[in-house]
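J.: Here it is: the structure, laid out below.
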Amino acid sequence: MKKWLKKINTQAGMSYVELIVVMSIFSVISGVAIYNYGAFQGKVDIKSLAHDIALKIVEAQKSSVAGKLPVSVSANWKPSYGVYFDITAPKTFIYFADLNNDKIYNEPALDTIAITKGNYISYIASYSSSTQKLSPIMTPLFVSFQRPDSSAIFTSSNGVPLSGFDYIEIRIQSPQSLTATIKIFPSGRIQVN
C-alpha cells in the first residue's frame, strides 16, 4: 500500500514552468477576446440602431393601416403616421401622427428618438436603377403612410412628394466608422443591411 501512495505523490502537481506556460496562454487568449469585444459591441450597437429605426418606420406603417387614433385626438377620422429625418440633426429622428394629412411633420411629436453612443445618421439618399447611383437628399425627409395603403409616401420639407427612385437609403454610422443602412421602398418594404 505504501508503494501506491508513493506513486501518487510523485506524479501530483505542476511544475512552475508548466504553470507559467498555462497562464501565458490564458492571458493571450483573454487579451485577444477583450480587444475584439469593443469592435464586436460596436457592430452590435450599429445593427441594433438600424433595426430600431426600421421598427419605428414599421410602427408608423402599422398604426396608419390599422387606423389607430393617437391618445391626444378625439376625432372620428384616422390620421396618417410617419417618421421624420433631418440630416442637419443627425442624432435624432421623430415619430409623428399626421393629423391634417399633409404628409409632413407638424408639432407635437408622438416620440422623439435620440440616437446614442456616438452613432448618427450620416447619409440620406435616393437610389435610381436608371442612373445606377445614389443621389443625396439634403432637405428633411418625411416618410409617411396613409390608410388604407401600406405604401410609403416620401415628402421633402416643403411638402413636395419625392418620386422617380427605387428606394430611399438611410445610412447610420458609429464613431468607429461602422455603418448600417435602412432601405425604404415605395411599396412599403423596409430592408436593413
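J.: Please tell me which of these pairs span more than 24 angstrom C-alpha to C-alpha: Lys103/Lys183; Lys68/Lys91; Lys47/Lys78; Lys62/Lys103; Lys56/Lys183?
T.: Details: Lys103/Lys183 19 Å; Lys68/Lys91 28 Å; Lys47/Lys78 33 Å; Lys62/Lys103 16 Å; Lys56/Lys183 13 Å.
Long pairs (Cα-Cα over 24 Å): Lys68/Lys91; Lys47/Lys78.
J.: Just from its helices, what would the mean residue ellipticity at 222 nm be for the chain, if runs of 4 or more DSSP H residues each count -39500 (n - 2.57) and the sum is divided by every residue, rounded to the nearest 500 deg cm²/dmol? Don't jump to the answer; show the numbers that get you there.
T.: Working: 2 runs with 61 residues, N = 193.
The per-residue figure over the chain is -11500 deg cm²/dmol.
J.: Right, something else. Test of understanding: what is the full-extension gain from Asn36 to Ala109, defined as 0.36 nm times their sequence separation minus their Cα-Cα distance? Please list the in-between numbers first.
T.: Working: separation 73, 0.36 × 73 = 26.28 nm, distance 3.92 nm.
Gain on stretching Asn36 to Ala109: 22.4 nm.
J.: Can you tell me which of Asn119, Asn100, Asn36 moves the most in a GNM of the chain? Springs connect C-alpha atoms under 10 Å apart.
T.: Between Asn119, Asn100, Asn36, it is Asn36 that shows the largest mean-square fluctuation.
J.: A further question follows. Once both labels are modelled 7 Å past Cα along the beta-carbon direction, what's the Met23-Tyr123 spacing in nm?
T.: Using points 7 Å along Cα→Cβ, the separation is 5.0 nm.
J.: At R0 = 35 Å, how high is the FRET efficiency between Met138 and Lys47 if r is their beta carbon distance? Nearest 0.05 is fine.
T.: Details: r = 26 Å, r/R0 = 0.75.
Calculated value: 0.85.
J.: So if I place +1 on the C-beta of Lys and Arg and -1 on the C-beta of Asp and Glu, and nothing else carries charge, what would the dipole magnitude of the chain be about its Cα centre? I want it in debye, nearest 20.
T.: On the way: 18 positive and 12 negative charges, 253 e Å.
In total the dipole reaches around 1220 debye.
J.: Still on this model: Ignoring trypsin sites (Lys or Arg not before Pro) that are buried or in helix or strand per DSSP, and keeping those with at most 13 other beta carbon atoms within 10 Å, what is the longest stretch of the chain between them?
T.: Numbers: sites that count: Lys91, Lys117, Arg189.
For trypsin sites (Lys or Arg not before Pro) (loop position, at most 13 other Cβ atoms within 10 Å), the longest site-free span of the chain is 1-90.
J.: Report in % the part of the accessible area of the range 66-177 that belongs to carbon and sulfur, leaving out ligands and nucleic acids; probe 1.4 Å. Intermediate values should be presented prior to the final figure.
T.: Values: 3000 of 5660 Å².
Of the solvent-accessible surface of the range 66-177, carbon and sulfur hold 53 percent.
J.: Could I ask something else about it? Could you provide, to the nearest whole Å², the per residue accessible area of the range 25-101 with probe 1.4 Å? Numbers along the way, then the final one.
T.: Details: 4320 Å² over 77 residues.
Computed with neighbouring chains in place, this is 56 Å² per residue.
J.: Expressed as a fraction of 2.2 N^0.38 Å, the rule-of-thumb size for a compact globular protein of N residues, what is the C-alpha radius of gyration of the chain? If you can, show how the numbers build up before the last one.
T.: Values: Rg = 27.1 Å, N = 193, 2.2 N^0.38 = 16.3 Å.
Compactness ratio reported: 1.67.
J.: If you average 1/r across every pair of different Cα atoms in the range 29-141 and take the reciprocal, what Kirkwood value do you get, in Å?
T.: Values: mean 1/r = 0.0606 Å⁻¹.
In the range 29-141 this quantity evaluates to 16.5 Å.
J.: If you don't mind, another one. Let's test the formula: R0 of 25 Å, r as the Cβ-Cβ distance of Leu178 and Lys91. What FRET efficiency results, to the nearest 0.05? Before the final figure, lay out the partial values.
T.: Numbers: r = 16 Å, r/R0 = 0.65.
E between Leu178 and Lys91, to the nearest 0.05, is 0.95.
J.: Related question: Which three semi-axes in whole Å describe the equivalent ellipsoid of the range 119-193, each the square root of 5 times a Cα gyration tensor eigenvalue, listed largest first? Walk me through the numbers on the way to the answer.
T.: Details: eigenvalues 90, 38, 35 Å².
Three semi-axes, in Å: 21, 14, 13.
J.: Relative to the longest principal axis of the C-alpha atoms of the chain, give the angle of the C-alpha long axis of helix 2-11, reported between 0 and 90° and rounded to the nearest 10°.
T.: Helix 2-11 sits roughly 50 degrees off the main axis of the chain.
The values are calculated or read from the model by the stated rules, or taken from the named source; none is laboratory data. All values reported here derive from a predicted model rather than from experimental measurement. Cβ sites come from the backbone with ideal geometry, for glycine too, and all protein chains shown count toward neighbours. Side chains included, ligands, DNA and RNA excluded: accessible areas come from the protein's heavy atoms. Shrake-Rupley method; radii C 1.70, N 1.55, O 1.52, S 1.80 Å.
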